[in-house]
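A.B. asks: This is the structure, below, for whatever I ask next.
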Amino acid sequence: MNNYNKNQELIRKYIRELIDDGLKQMKDYNLSEELYGIWLKYSQQVLEITTKDYNPAILLNYLSVVMSINPQLKPFQKIGICLDYLIGVLRII
C-alpha cells in the first residue's frame with residue numbers, strides 16, 4: 001500500500017471515529033450548548049489535522065455548513081447537520 005492510500009485510510013478512520021462520537025452525542029436530546037461547542041471544536045480539529053494535506057476544502061466547506069446552521073436548533077439537531085456533512089465526506093474519500 002502506498003503512502004497516499006495509507007493516508008486515505010487514516011483519514012477515513014478518524015472521520016469514522018468522529019461520526020461515531022457524534023452519533024453518541026446526538027442520542028442525548030438534552031445535550032447542552034456547551035457540550036455541543038466542545039464536540040464542534042473537536043470535529044473541526046480532527047478535520048483540520050486529517051484533511052489539510054489531502055484536501056483543505058473539506059474543512060472550509062465544513063465551516064460553511066456550521067456557520068449556516070440555524071442557532072435556534074437544539075444542540076443534538078446541530079450535531080445531526082454536522083454528521084450529514086461528515087458522512088458525505090466519508091463517501092468521497
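The values are calculated or read from the model by the stated rules, or taken from the named source; none is laboratory data. Predicted, not measured: the structure shown is a model, and the values here were computed from it. So basically every Cβ, Gly included, is an ideal-geometry build from the backbone, and we count neighbours across all protein chains shown.
A.B. asks: Out of all the residues in region 70-89, which are in a loop (DSSP other than H, G, I, E, B) and either under 18 Å from residue 47 (Cα atoms) or of a type in the set (Gly, Ala, Ser) (or both)? Lay out the reasoning, then the answer.
C.D. replies: Filtering region 70-89 for residues in a loop (DSSP other than H, G, I, E, B) gives 70-74.
Across region 70-89, there are no qualifying residues.
A.B. asks: Would you mind stating whether residue 6 is surrounded by fewer than 13 Cβ atoms within 10 Å (Cβ to Cβ), among the charged types (D, E, K, R) and assigned to a helix (DSSP H, G or I)? Steps first, answer last, please.
C.D. replies: Working: surrounded by fewer than 13 Cβ atoms within 10 Å (Cβ to Cβ): yes; among the charged types (D, E, K, R): yes; assigned to a helix (DSSP H, G or I): yes.
Against the criterion (surrounded by fewer than 13 Cβ atoms within 10 Å (Cβ to Cβ), among the charged types (D, E, K, R) and assigned to a helix (DSSP H, G or I)), residue 6 qualifies.
A.B. asks: For residues in region 11-57 being among the aromatic types (Phe, Trp, Tyr) and in a loop (DSSP other than H, G, I, E, B), which is farthest from residue 75 (Cα to Cα)? Before the answer, list the steps.
C.D. replies: Step one: list which residues in region 11-57 are among the aromatic types (Phe, Trp, Tyr), which gives 14, 29, 36, 39, 42, 54.
With in a loop (DSSP other than H, G, I, E, B) added as a condition, the list becomes 29, 54.
On the way: 29: 8, 54: 29 Å.
For region 11-57, the residue satisfying everything is 54.
A.B. asks: Looking at 40, 18, can you tell me which residue is within 10 Å of the chain's Cα centre (by Cα), closer than 19 Å to residue 92 by Cβ and surrounded by 12 or more Cβ atoms within 10 Å (Cβ to Cβ)?
C.D. replies: On the way: 40 fails: closer than 19 Å to residue 92 by Cβ.
One residue alone meets the criteria, 18.
A.B. asks: For region 48-83, name all the residues that are touching a residue at least 40 places away in the same chain (Cβ under 8 Å) and surrounded by 12 or more Cβ atoms within 10 Å (Cβ to Cβ). Outline the logic, then answer.
C.D. replies: Just the residues of region 48-83 that are touching a residue at least 40 places away in the same chain (Cβ under 8 Å), to begin with: 50-51, 53-54, 74-76, 78-80, 82-83.
Correct list: 50, 51, 54, 74, 75, 76, 78, 79, 80, 82, 83.
A.B. asks: If you go through region 58-69, how many residues are assigned to a helix (DSSP H, G or I) and either of a type in the set (A, V, I, L, M) or more than 14 Å from the chain's Cα centre (by Cα) (or both)? Even if it seems obvious, please write down each step before you answer.
C.D. replies: Just the residues of region 58-69 that are assigned to a helix (DSSP H, G or I), to begin with: 58-68.
Pick out the ones that are also either of a type in the set (A, V, I, L, M) or more than 14 Å from the chain's Cα centre (by Cα) (or both) and you get 58-60, 63, 65-68.
Looking only at that region, the number is 8.
A.B. asks: Taking region 50-93, which residues are β-branched (Val, Ile, Thr) and at pLDDT 95 or above? Let's see the steps before the verdict.
C.D. replies: Applying the first criterion (β-branched (Val, Ile, Thr)) to region 50-93 yields 50-51, 58, 65-66, 69, 79, 81, 87, 89, 92-93.
Passing the criteria: 58, 65, 66, 69, 79, 81, 87, 89.
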